[in-house]
Amino acid sequence: MGKIIAIANQKGGVGKTTTSINLAASLGVLEKKVLLIDADPQANATSGIGIDVESVELGTYQLLEHSSSAKEAIIKTEMPNLDIIPAHIDLVAIEIELVDKDEREYMMKKALQEIKNDYDYILIDCAPSLGLLTLNALTAADAVIIPIQCEYFALEGLGKLLNTIKSVQKIHNPDLDIEGLLLTMYDSRLRLSNQVVEEVQKHFNDMVFQTIIQRNVKLSEAPSFGESIINYDAASKGATNYLSLAKEIINKNA
Ligand SMILES: Nc1ncnc2c1ncn2[C@@H]1O[C@H](COP(=O)(O)OP(=O)(O)OP(=O)(O)O)[C@@H](O)[C@H]1O
Ligand SMILES: [Mg+2]
């Protein structure tokens, strides 16, 4: 049965989109069928995977307002086993559109029902906010991955995110698990990076993925070519790290 994983942190620039694209591509390379859903109006996952955002007609917006089915909104990517439901800048409007709808938090969950079992993993790249878009993702999800940047203020906002997850568990989605906290942009030369790793591992123990994503310039270059790290530079540290994360997740769910 397909597992839906939201990649969420309301803190901006922590590696949500980089993780969504490259974890999705890595799971695909490891022969899992994967759907990536871009749930951020910035549409970085869409462009990062090589889709022209301006050309998007059916995407997450239509999915959430139920004017398009998931099947209609799915696009195949050039990567093996990887499909995407793209986003367009229009998606900003969905928060206002949904606000007075009944069951507004359940729009994504309902839309994904018909395709959930066509995939092994469905990854949702969330926006840096805790608005209705992210609540829809958390309500639809079986689990959440929380990327944490090994930087100043790494844990800022984490309490608020964990409280939001708790309230989603209580009200909308009692089965929501935390798949793991993912340390990103780690630089072994920096004392601060090492301090963040120590602190997070001490507080959260086995909630933290063993795989740590290192800072790697190739990871930041790949999206401008519309490629995952596997296509852009399969020998890079970034590719090795994300493949290792994919294997860790596959083993955890075996
Ligand atoms: N491991 C890494 N090594 C080097 N650069 C990275 C790494 N991970 C992410 N980046 C870069 O850091 C920036 C922020 O990453 P990303 O866009 O994935 O974060 P985000 O959490 O999705 O941001 P937003 O909150 O705006 O959606 C991007 O420029 C990205 O290329
Ligand atoms: Mg992003």
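A few remarks follow.
- For the listed peptides 227-238, 139-150, a ranking on the average number of other beta carbons within 10 Å per residue, highest first, reads 139-150, 227-238.
- Computed over the chain, relative contact order equals 26 percent, with contacts defined as Cα pairs under 8 Å that lie 6+ residues apart.
- Taking the fewest neighbouring Cβ atoms within 10 Å as the starting point, the ordered list for LYS32, LYS76, LYS160 is LYS76, LYS160, LYS32.
- Fully extending the segment from GLN210 to LYS247, taken as 0.36 nm per residue of separation minus the present Cα-Cα distance, adds 12.2 nm.
- Once the Cβ-Cβ distance of LYS166 and ILE75 is raised to the sixth power relative to R0 = 30 Å, the FRET efficiency obtained is 0.30.
- Ellipticity at 222 nm from helices only: DSSP H runs of n ≥ 4 in the chain, each -39500 (n - 2.57), divided by the residue count, give -11000 deg cm²/dmol.
- Shown for PHE209, PHE204: other C-beta atoms within 10 Å of each C-beta, ranked fewest to most, produce the order PHE204, PHE209.
- Inter-label distance, nm, simple model (7 Å from Cα along the C-beta direction), ALA234/GLU31: 1.6 nm
- Of all DSSP-defined beta bridges confined to the chain, some 5% are antiparallel rather than parallel.
- Sorted peptide list for 180-187, 38-45, 244-251, criterion being average Cβ within 10 angstrom, highest first: 38-45, 180-187, 244-251
- Compactness relative to 2.2 N^0.38 Å, alpha carbon Rg of segment 3-247: 0.95
FYI, it's all coordinate maths here, none of it is from the lab. Computed from a predicted structure; not experimentally measured. Cβ sites come from the backbone with ideal geometry, for glycine too, and all protein chains shown count toward neighbours.
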